[in-house]
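To start, the structure under review is shown below, and the notes come after it.
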Amino acid sequence: MTRTLRFGLIGTGYWAATVHAHGIAAHPQTELVGVWGRDPAKAETVAAQYGAQPFEDVDELIGAVEAVAFAVPPDLQAELAVRAGEAGRWLLLEKPLALAVEAAERVVQAARAPTVVFFTRRFDPGLRAWFGTEVDGHGWDGGSAALLASIFEPGNPFGESEWRRSQGALWDVGPHALALLLPTLGAVEQVAAVRGRGDEVHLALRHATGAASSVMLSLTAPAQMTEVRFWGSDGVARMPVDVDVAAAYAGAIDALLAGDTRFGAGFALDVVRVLAAADEQLDDAVHPEAKVSRGP
């Protein structure tokens, strides 16, 4: 008999309702049991839309389910994920895992069950197939990722996010870029970071394999661009642009159910370490090269 995993959702915003709630309700092996949010009225609305129960107390929600999905700002996610992790719940998390290395470490240490972080493109079926056939197993000397967007235009729901306005592209789309590069090129040993116009950030990365890569990020770009490339003796591999978010979310749930934690909290902690090292330089007028802290 196929097991159905009982989920609670923490979050009530656009992404929570249209991706997380919808994805959990649509998956044949998961059930959306309850919803909690900082705005009780929004929790009632999202819960009613998907036949779930609104909760006024987040710990009651955690106690009523087997798994918890998160779609809240990173600082709140890190706090509540520790509580859910210590309670033994399976965790389906958002990126970035946290906004500080110490907070991300606490999430990893608290986890008692499988964790998956929704690095969207890493779970898209078409892109997973592309990585499997065109990238994995080849010898690459380097790579690059450019993720440019303009989200602060009227009507864009992501532009209403206060944490995105304060943290910018480095912490919003930076995790996506690193999730596409690190599994192929290896862990980051050194990072150099500089600012461009607006919230534009450029990173130069040195990987443990000896490869190097570059990352360009912006949420305030005049034009949108998504471009990821790898190069080496086998030529150049260019990642397809299209992504199916609903299929990717189903893939993330599949990974959680299978206990596949390659893109779990541990990997997300490595991403936070790189972002934190870059952010430290961006706060320094001289922008010296900085070493990326590594765990024990």
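So the values come out like this:
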item: Counting DSSP beta bridges with both ends in the chain, the antiparallel % (nearest 5); result: 50 percent
item: Whole-number percent relative contact order across region 164-296, with pairs defined as alpha carbons under 8 Å at least 6 apart; result: 28 percent
item: Rounded to the nearest 10 Å², the accessible area of W140 at probe 1.4 Å; result: 30 Å²
item: From the C-alpha gyration tensor of region 15-138, square roots of 5λ in Å; result: 26, 19, 13
item: Distance between modelled label sites at T4 and D75, nm, 7 Å Cα→Cβ extension; result: 3.9 nm
item: Local electrostatic count at A169 - Lys and Arg +1, Asp and Glu -1, tallied over other residues with Cβ under 9 Å; result: -2
item: Furthest towards positive pole of dipole, A255, L282, W171, structure part region 151-296, Cβ charges; result: L282
item: Overall form of region 76-176 per C-alpha gyration tensor (a/c, 1.5; a/b vs b/c); result: oblate
item: Computed log₁₀ I(q)/I(0) - Debye formula, equal Cα scatterers, no solvent, region 155-241, q 0.19, 0.22, 0.25 Å⁻¹; result: -0.94, -1.16, -1.35
item: Ranking by accessible area, most exposed first, for K42, K95 with a 1.4 Å probe; result: K42, K95
item: Shape of region 141-296, Cα gyration tensor, a/c cut at 1.5; result: rounded
item: Of the DSSP H helices in the chain, those whose Cα atoms cover at least 30 Å axially and whose Kyte score averages 1.0 or more; result: none
item: Positive-end extreme of charge dipole, the chain - chosen from V243, G143, S214 (charges on Cβ); result: G143
item: Rounded to the nearest 20 debye, dipole of the chain from Cβ charges on Lys, Arg, Asp, Glu; result: 440 debye
item: Whole-Å distance, taken between Cα centres, linking region 48-112 and region 145-163; result: 24 Å
item: Environment charge at T30 (Cβ cut-off 14 Å; Lys +1, Arg +1, Asp -1, Glu -1); result: 0
item: Student exercise, region 1-150 dipole from Lys, Arg, Asp, Glu Cβ charges, in Debye to nearest 20; result: 300 debye
item: Mean separation of Cα contacts under 8 Å, 6 or more apart, over the residue count of the chain: relative contact order %; result: 19 percent
item: For the chain: accessible area per residue (Å², 1.4 Å); result: 44 Å²
item: Sum of side-chain charges, A223 neighbourhood, beta-carbon under 14 Å (Lys, Arg +1; Asp, Glu -1); result: -2
item: Length added when fully stretched, F152-A187, from 0.36 nm per residue minus Cα-Cα; result: 9.4 nm
item: Rounded D (µm²/s) - region 107-146, Kirkwood Rh over Cα pairs, Stokes-Einstein at 25 °C, 0.890 mPa s; result: 191 µm²/s
item: Shape of the chain, Cα gyration tensor, a/c cut at 1.5; result: prolate
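The values are calculated or read from the model by the stated rules, or taken from the named source; none is laboratory data. Predicted model only: the values in this text are computed from it and were never measured. Cβ atoms come from the backbone with ideal geometry, glycine included; neighbour counts cover every protein chain shown. Keep in mind that these areas ignore ligands, DNA and RNA; they rest on the heavy atoms of the full protein, side chains included. Shrake-Rupley method; radii C 1.70, N 1.55, O 1.52, S 1.80 Å.
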